[in-house]
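Below: one structure, written as structure tokens.
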Amino acid sequence: MTDRNGQFFWVELMTSDPQAALAFYTDVVGWDTMPFGEDGGYTLVVGSAGPLGGVMAIPDEAKECGMTPWWGGYIASADVDADAARLVAAGGSIKRPAEDIDGVGRFAVMGDPGGATFMLLKGSSPDGMEAPPPMAMGHVGWHELYSGNFDADMAFYTGQFGWTKGEAMDMGDMGIYQLVSQTGGSDFPSMSGGIMPIPKEMPAPLWLFYFVVGDIDAAAARVTAGGGSILHGPSEVPGGSWIVQALDPQGAMFALVGTRADTGEAA
């Protein structure tokens, strides 16, 4: 099995209306769904290479703290407690201490130095999850951090998770867009994400996840037809792919990456 430690391997939507969100995303992205657990409160979403994430209602205690619909990502950990302590020493923070989830594993909610949230998770099973093929349909094809502290976050993720830097692109007034690889490679084909300073239009630092679709224009049309809104795009990015950044009908931010039919360029 693939060693995914130090890599994003699962995404999760906490939302105000799980059933409406599932209907929206299954249409826009093309996911299948699978119930998980006995109470029906968690639904798996499934891409071409298997399950990649889940959808659930925002917990009551999180609502009381002001949580709004949000996509979060889990980084695989061999020892959640030890990793959480190590990350705090490196400038991170613990937002929810490590605890067990029956039948799932042990997790903690963390903050990076710039304030973006992510989770650590060690599964109950001794086997890891196989990484999907690059740009597998429905899966996360790109991870993007809008950083609240660019230099500190760059040192944090590369130093603590072993991520490596690729090309640094000058975005003018928007700052540097730094390509990063979670798998140790330094060439563009192995890049799995980017880190950039948070734009002034964005209210808080966050990780944004790009789901792979086919025709980007058709997918964008499905977003608006389903009650979502387009924030940016479709626009072309280096490598020939096209992206859209959007809000779902409940207000969670997400993104899509795909092709454009009139060019025939591959994602």
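The values are calculated or read from the model by the stated rules, or taken from the named source; none is laboratory data. Keep in mind the model is a prediction, meaning the values are calculated, not measured. With ideal geometry, Cβ positions are generated from the backbone for all residues, glycine too; neighbour counts draw on all protein chains shown. In case anyone asks, the SASA skips ligands and DNA or RNA and just uses the protein heavy atoms, side chains included. Shrake-Rupley method; radii C 1.70, N 1.55, O 1.52, S 1.80 Å.
Brief remarks follow.
- Contact order normalised by residue count of the chain, Cα under 8 Å, 6+ apart, percent: 18
- For q = 0.15, 0.23 Å⁻¹, Debye-computed log10 I/I(0) when each Cα of the range 139-259 counts as one equal scatterer: -0.70, -1.42
- Remark: the range 7-123 carries 45 Å² of accessible area per residue (probe radius 1.4 Å; ligands, DNA and RNA excluded).
- Calculated from backbone phi, Karplus (6.51, -1.76, 1.60) coupling profile of the range 86-102 in Hz, x at Gly/Pro: 5, 5, 5, 5, 8, x, x, 9, 9, 9, 8, x, 4, 8, 8, 10, 3
- Its Cα gyration tensor gives the range 41-172 an equivalent ellipsoid, and the semi-axes of that ellipsoid, as √(5λ) in whole Å with the largest first, are 23, 21, 17.
- Converting phi to 3J(HN,Hα) with the Karplus coefficients 6.51, -1.76 and 1.60 and the offset θ = phi - 60°, the range 44-55 yields 7, 10, 10, x, 5, 10, x, x, 10, x, x, 10 Hz in sequence order, with x at every glycine or proline.
- If R0 is taken as 25 Å, the Cβ-Cβ distance between residue 221 and residue 16 corresponds to a FRET efficiency of 0.55.
- Per residue accessible area in Å² of the range 139-259, where ligands, DNA and RNA are left out and the probe is 1.4 Å: 40
- Rounded to the nearest 0.05, the FRET efficiency derived from the C-beta distance between residue 82 and residue 232 at R0 = 41 Å is 0.60.
- Spin-label model, residue 39/residue 170: points 7 Å from Cα along the beta carbon direction are separated by 5.4 nm.
- Sulfur and carbon atoms: percent of accessible area, the chain [1.4 Å]: 54
- Qualifying lysines (Cα of each under 26 Å from Cα of residue 122; at least 8 residues distant if same chain): 63, 95, 165
- The relative contact order of the range 7-123, computed from alpha carbon pairs under 8 Å that lie at least 6 residues apart in sequence, is 24 percent.
- Cα-only radius of gyration and Dmax that characterise the chain, units Å: 17.6, 51
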